[in-house]
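Take a look at the structure below.
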Amino acid sequence: MASGLLVILAGEECKKKEKYLVLSKEYEFVILFGFSTDTYDILGKVLYLPIRTNKTIEKFEFEKEIKKNLKHFTGKFIQSYPMYSSKTVKGKQLWNYAREGGEVEIPKRKVSVKSLELLEIKIITSQKLLQNIERRIGKVKGDFRQKEIIKLWQKQLKKSSDKFYIADFKIKCSSGTYVRTMANSLGSKLGIPALAFSIKRTKIGKFVI
């Protein structure tokens, strides 16, 4: 569900890992509007039914609304960790609580976003969306509920003729900022379900692709 730059340390440099962990990041990412999942990306259970673009808002109006709301996600602010993450609470990672249905107080952290830019808005058909999701989830190894999740997407999209907005963004942010949470939160501001369709990390500190 994510790709891009990864810094690997070797030898004596491993002892300096803390300085690398706090480096700022840059990402290019795509948000899919009309759906929300429990993981805030496509590898999650669909929580809401799709919203048809041809019955909601015109593209130029939608672009205007997005740009108007980006101000809420720049500067310094508090961000909650997504439930499907590796953040540890009381000796257990959050995704374990999510899988087991256990109750836990979701931790938060202060993050800093230097800039968040909307690059382009496009439209994707149900069939192309499903093909993309099936192909990418099909590559995932391990126990990530893949079969169950693909069935849920197929139920929503297989016989659908709907079209959906997807939008490209670029963000410069502090270490620890969750792009998935940004996507979900922007959707909440707009009143439209949203998730991170894809994420590509392009820069870590001075290191670039």
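Measuring with a 1.4 angstrom probe and ignoring ligands and nucleic acids, K67 comes out at about 110 Å² accessible. For the pair L47 and V7, label points projected 7 Å from Cα toward Cβ lie 3.2 nm apart.
The long axis of helix 126-137 is offset from the longest Cα principal axis of the chain by roughly 30 degrees. Fully extending the segment from K90 to K108 would add 5.0 nm, taking 0.36 nm per residue of separation and subtracting the current Cα-Cα distance. Bridging of K19 to lysines at a Cα separation below 17 Å is possible for K203, K206, once same-chain residues fewer than 8 apart are set aside.
Site pair K170 and E148 shows an inter-label distance of 4.0 nm when each label is modelled 7 Å from Cα along Cα→Cβ.
Take the Cα of V22, go 7 Å toward its beta carbon, and the backbone nitrogen atoms of segment 95-109 under 17 Å from that spot belong to 109. Accessible surface area normalised per residue over segment 1-91 is 62 Å², counting heavy atoms of protein chains with a 1.4 Å rolling probe.
At a threshold of 8 angstrom on Cα-Cα distance, excluding pairs fewer than six apart, so keeping six or more, what relative contact order does segment 65-209 reach in percent?
27
Using R0 = 22 Å, the C-beta based FRET efficiency linking K59 and S188 works out to 0.60. Among G75, G142, G191, the residue with the largest mean-square fluctuation in a Gaussian network model of the chain, with springs joining Cα atoms closer than 10 Å, is G142. Give me the angle, in degrees from 0 to 90, between the Cα long axis of helix 59-69 and the longest principal axis of the Cα atoms of the chain, rounded to the nearest 10. Computed tilt is about 30 degrees. Please give the helix 179-190 orientation as an angle from the longest Cα principal axis of the chain, in degrees from 0 to 90, rounded to the nearest 10. Long axis of 179-190 versus the principal axis of the chain: about 40 degrees.
The values are calculated or read from the model by the stated rules, or taken from the named source; none is laboratory data. Everything numeric here is computed off the predicted structure, so don't read it as measured data. All Cβ positions, even for glycine, are placed from backbone atoms using ideal geometry, and neighbour counts span all protein chains on display. These accessible areas exclude ligands, DNA and RNA; they are computed on the full protein's heavy atoms, side chains included. Shrake-Rupley method; radii C 1.70, N 1.55, O 1.52, S 1.80 Å.
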